[in-house]
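Every number in this text was worked out from the coordinates using simple rules, so none of it is lab data. Here the structure is a predicted model, which is why all the values come from computation and not from measurement. Note that we place each Cβ from the backbone using ideal geometry, even for glycine, and neighbour counts take in every protein chain shown.
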Amino acid sequence: MRRLSFLKALSALALAAPLLTGGLPALAADRAVVIVGHAAVRKLDLPTLRRIYTGKTVEVDGVRVAPVNAAPGTGLRQRFLADYLETSEDEYVAYWTVRRYVGKGTPPTELRSPAEVADYVSRTPGAIGYLDEADVPRGMNVLLRK
C-alpha cells in the first residue's frame, strides 16, 4: 500500500516537473520578436524582410539596408528564424555558407546582445534588426511585428 502511494506521488511530481522548471523559459518563448529599423527605413512586409535576410534584397526605397542578426544559438535568433524566415539555425547557416562560397554575398552581421542591436540600428542608416518585444526601447522604429 505504501509503495502504491509512493508511486502516485512520484508520477504526480514527474507530471508537474515540466511546469515547475519550464514555466519561465516558456514565457520568453511566448513573447514576440519585433523587427526594428533605423528611422530612415519604412515599414516592411514579410516577403521583403525575408529577401533582406537571405541577401536577395539590398535596397528598400533607395535606402541600402544593413541587416543584423542576434548571436548564433540564442533563443531570440532561433525564434526569429522560425517565426519570420521559417527555417532552423542549421539551415540558415548552410544557406549562407553556400551563398558566400558562390560569391553571392555575406550573411548579416551578428551582434552579441539586444543592447548592441538597438544601438547599432538607431545609429546606422539603413540598419534593420530584431529584438524581443520586452527589449524594444521607447521610440524605436518598429518595422514589423508578427
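Numbers for the structure displayed
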| read-out | value |
| --- | --- |
| Rounded if a/c under 1.5, otherwise prolate or oblate - segment 32-145, Cα gyration tensor axes | oblate |
| Selection from Ala82, Gly105, Pro47 lying farthest towards where the dipole of segment 39-108 points positive, charges on Cβ | Gly105 |
| Simple Cβ-charge dipole of segment 32-145, Lys/Arg +1 and Asp/Glu -1, about Cα centre, in debye nearest 20 | 380 |
| Calculated from backbone phi, Karplus (6.51, -1.76, 1.60) coupling profile of segment 101-111 in Hz, x at Gly/Pro | 4, 8, x, 9, x, 10, x, x, 4, 9, 10 |
| Fraction of antiparallel bridges per DSSP, segment 32-145 only, in percent to nearest 5 | 70 |
| Residue order, fewest to most beta carbons within 10 Å, for Thr109, Thr54 | Thr109, Thr54 |
| Phi-based couplings in Hz for segment 124-138 (Karplus 6.51, -1.76, 1.60; Gly and Pro marked x) | 10, x, x, 6, 9, x, 9, 9, 5, 4, 6, 9, 6, x, 4 |
